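**Q** Can you read through this structure? Questions will come right after.
The values are calculated or read from the model by the stated rules, or taken from the named source; none is laboratory data. Everything numeric in this text was worked out from a predicted model, so none of it was measured. As a convention, Cβ positions derive from the backbone with ideal geometry for all residues, glycine included, and neighbour counts pool all protein chains shown.
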Amino acid sequence: MGPTGVGKTDIALELFQKLPIKLISVDSVQIYNYLNIGSGKPSSEVLRDFPHALINIIEPTDSYSTAKFQKDCLVSVAEGFKSNKLPVLVGGTMMYFDHLINGISKLPSVEKNIRVEVEEEFKKIGSKEMHNLLKTIDINASIKIHPNDSQRIKRAIEVYKSTGKEFSKWQSEQTKEVDKLIQETKIIQIALKPNDKEIHRESIANRFKDMIELGLVNEVEELLNYPGVTKNSQSMKSVGYRQVCEFLEGDIDLDVMIEKAINSTRQLAKRQMTWIKGWKGLTILEKDLSTSRTLEKLVSESL
């Protein structure tokens, strides 16, 4: 794991060439078909030579959750073991890692009519106002959920409307369940971090500018023409895509869009590092010329 733009994929590809491993993506944006440039997804040529599980598994109209990721990931892990390959999970969606390793709370089911009701309300007033609504019914949940995290905002409101009980209370009262496969498996947890914060900040800026040059705006235009996809779709709420949607709506100009996207990506990287700093049992490696050799040794020892 590691912050966006630190070079996780490059290291993973090096490992793949040297060791019998199965690569499994842990990325909440790369799961979508057609979200290629803005997600930093490896090219189709790279994916052909270095196959990754859990990339391009759903359509941009679909919703996805950490619970779904957990199920899909466990299947991929089991398939890796069955084919005598070591599963190596690579990505920066920290919530996915957290729920997989530490378990997920069992929350109540929600009736379809309530989900539809919340979805319709979301379409009318948008993510920010729905987050404000969440503050009035469950302040603790609203503190933990980012105002742009539409999926978790919806889930928290749905649970409250369905049960009359705060989402945060359900979470605190439920015992997290860790899957048996995870419990019985020796897990090596490794994070990459940049060896120079300022260089990494500049790298993030250059990376997004490169995405613009590669055609990110055209990619988003095409996605918004995809049947059922709107700026309020879960897939369009991710960093980069959200700002380009604002630009295409005419809300901001190109320079402001680029600045906002870069700042949002830097904030994302900062949140990812906050997760890493508080993570137990984690080996943290600085990204430098020796990283690949160190990581190869750690992985080889588990084979």
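**Q** So, of the residues in the range 128-167 that are surrounded by fewer than 20 Cβ atoms within 10 Å (Cβ to Cβ) and among the hydroxyl-bearing types (Ser, Thr, Tyr), which turns out to be nearest to Pro60 (Cα to Cα)?
**A** This residue is Ser162.
**Q** Out of all the residues in the range 219-234, is one or more touching a residue at least 24 places away in the same chain (Cβ under 8 Å), crowded, with 18+ Cβ neighbours inside 10 Å and among the acidic types (Asp, Glu)?
**A** yes
**Q** Report yes if some residue within the range 259-278 is assigned to a loop (DSSP other than H, G, I, E, B), at negative phi and among the aromatic types (Phe, Trp, Tyr); otherwise report no. It would help to see each step written out before you state the result.
**A** First, pick out the residues of the range 259-278 that are assigned to a loop (DSSP other than H, G, I, E, B): 278.
Okay, now just the ones that are also at negative phi, so 278.
Those still in the list that are among the aromatic types (Phe, Trp, Tyr) too: none.
No, because not a single residue in the range 259-278 is assigned to a loop (DSSP other than H, G, I, E, B), at negative phi and among the aromatic types (Phe, Trp, Tyr).
**Q** Are any residues in the range 95-124 among the polar types (S, T, N, Q) and surrounded by 12 or more Cβ atoms within 10 Å (Cβ to Cβ), and if so, which ones?
**A** The initial filter retains those residues of the range 95-124 that are among the polar types (S, T, N, Q), namely 102, 105, 109, 113.
Across the range 95-124, the qualifying residues are Asn102, Ser105.
**Q** Here's something else I'd like to know. Can you find a residue in the range 288-302 that is of a type outside the set (S, T, N, Q) and within 17 Å of the chain's Cα centre (by Cα)? Before the answer, list the steps.
**A** To start, the set of residues in the range 288-302 that are of a type outside the set (S, T, N, Q) comprises 288-289, 293, 295-299, 301.
Pick out the ones that are also within 17 Å of the chain's Cα centre (by Cα) and you get none.
So far as the range 288-302 goes, no, none of its residues is of a type outside the set (S, T, N, Q) and within 17 Å of the chain's Cα centre (by Cα).
**Q** While we're on this one: Residues in the range 49-57: is at least one in a helix (DSSP H, G or I), of a type outside the set (Val, Ile, Thr) and farther than 21 Å from Thr283 by Cα? If you could, list the steps in order and put the result at the bottom.
**A** Keep residues of the range 49-57 that are in a helix (DSSP H, G or I), which gives 49.
Filter once more, so that each one left must be of a type outside the set (Val, Ile, Thr): 49.
Still in the running and farther than 21 Å from Thr283 by Cα: 49.
Within the range 49-57, one or more residues are in a helix (DSSP H, G or I), of a type outside the set (Val, Ile, Thr) and farther than 21 Å from Thr283 by Cα.
**Q** Check Lys186, Lys231 and return the single one that is at pLDDT below 95, closer than 23 Å to Val90 by Cβ, basic (Lys, Arg) and not in a helix (DSSP H, G or I). Give the derivation first.
**A** Values: Lys231 fails: closer than 23 Å to Val90 by Cβ.
Residue meeting the stated conditions: Lys186.
**Q** Evaluate the following for Ile58: is it buried (at least 21 other Cβ atoms within 10 Å of the Cβ) and assigned by TED's automatic domain parsing to the domain that holds Ser233?
**A** Numbers: buried (at least 21 other Cβ atoms within 10 Å of the Cβ): no; assigned by TED's automatic domain parsing to the domain that holds Ser233: yes.
It is false that Ile58 is buried (at least 21 other Cβ atoms within 10 Å of the Cβ) and assigned by TED's automatic domain parsing to the domain that holds Ser233.
**Q** OK, next. Of the conditions (1) over 18 Å from Ser238 (Cβ atoms); (2) assigned to a helix (DSSP H, G or I), Phe122 clears all except one; give me its number.
**A** With (1) over 18 Å from Ser238 (Cβ atoms); (2) assigned to a helix (DSSP H, G or I) applied to Phe122, the lone miss is (1).
**Q** Something else now. Restricting attention to the range 265-291, and to residues there that are of a type in the set (Lys, Arg) and in contact with a strand residue (DSSP E or B) (Cβ under 9 Å, 6 or more places away or on another chain), which single residue is surrounded by the most Cβ atoms within 10 Å (Cβ to Cβ)? Outline the logic, then answer.
**A** First pass over the range 265-291, keeping only residues of a type in the set (Lys, Arg): 266, 270-271, 277, 280, 287.
Within this subset, residues satisfying the condition of being in contact with a strand residue (DSSP E or B) (Cβ under 9 Å, 6 or more places away or on another chain) are 277, 280, 287.
Working: Lys277: 11, Lys280: 7, Lys287: 21.
Restricting to residues being of a type in the set (Lys, Arg) and in contact with a strand residue (DSSP E or B) (Cβ under 9 Å, 6 or more places away or on another chain), the top hit is Lys287.
**Q** For the range 81-115, which positions are at pLDDT 90 or above and more than 23 Å from Leu192 (Cα to Cα)?
**A** Matches in the range 81-115: Phe81, Lys82, Ser83, Asn84, Asn113, Ile114.
**Q** If Lys22 satisfies every condition in (1) more than 16 Å from the chain's Cα centre (by Cα); (2) assigned to a helix (DSSP H, G or I); (3) surrounded by 19 or more Cβ atoms within 10 Å (Cβ to Cβ) but one, which is the exception?
**A** Condition (2) is where Lys22 drops out.
**Q** What's the number of the only condition in (1) of a type outside the set (D, E, K, R); (2) at pLDDT below 95; (3) in contact with a strand residue (DSSP E or B) (Cβ under 9 Å, 6 or more places away or on another chain) that Ser63 fails to meet?
**A** With respect to (1) of a type outside the set (D, E, K, R); (2) at pLDDT below 95; (3) in contact with a strand residue (DSSP E or B) (Cβ under 9 Å, 6 or more places away or on another chain), Ser63 is out only on (3).
**Q** Regarding the range 41-49, can at least one residue be identified that is buried (at least 18 other Cβ atoms within 10 Å of the Cβ) and among the aliphatic types (A, V, I, L, M)? Spell out how you get there, then give the answer.
**A** The first filter runs over the range 41-49 and keeps only residues buried (at least 18 other Cβ atoms within 10 Å of the Cβ), leaving 41-42.
Imposing the further condition that a residue be among the aliphatic types (A, V, I, L, M) reduces the set to none.
The answer is no; no qualifying residue exists.
**Q** What number of residues within the range 157-183 satisfy the criterion of being more than 15 Å from Lys144 (Cβ to Cβ), part of a loop (DSSP other than H, G, I, E, B) and without any contact (Cβ under 8 Å) to a residue 40 or more places away in the chain?
**A** Residues in the range 157-183 being more than 15 Å from Lys144 (Cβ to Cβ), part of a loop (DSSP other than H, G, I, E, B) and without any contact (Cβ under 8 Å) to a residue 40 or more places away in the chain: 2 in total.
**Q** Moving on to the next point. Spot the failing condition for Thr294; the list is (1) farther than 25 Å from Ile125 by Cα; (2) touching a residue at least 24 places away in the same chain (Cβ under 8 Å); (3) surrounded by 14 or more Cβ atoms within 10 Å (Cβ to Cβ), and only one is missed.
**A** (2)
**Q** Now for a separate question. Only one residue in Lys154, Lys209, Lys197, Lys193 is within 17 Å of Leu268 (Cβ to Cβ) and within 19 Å of the chain's Cα centre (by Cα). Which one?
**A** Details: Lys154 fails: within 17 Å of Leu268 (Cβ to Cβ); Lys209 fails: within 19 Å of the chain's Cα centre (by Cα); Lys197 fails: within 19 Å of the chain's Cα centre (by Cα).
Exactly one of Lys154, Lys209, Lys197, Lys193 is within 17 Å of Leu268 (Cβ to Cβ) and within 19 Å of the chain's Cα centre (by Cα), namely Lys193.
**Q** Which of the following residues is within 30 Å of Lys22 (Cα to Cα) and outside any helix (DSSP H, G or I): Val90, Val110, Val77? Spell out the reasoning first.
**A** On the way: Val110 fails: within 30 Å of Lys22 (Cα to Cα); Val77 fails: outside any helix (DSSP H, G or I).
That would be Val90, the only listed residue that is within 30 Å of Lys22 (Cα to Cα) and outside any helix (DSSP H, G or I).
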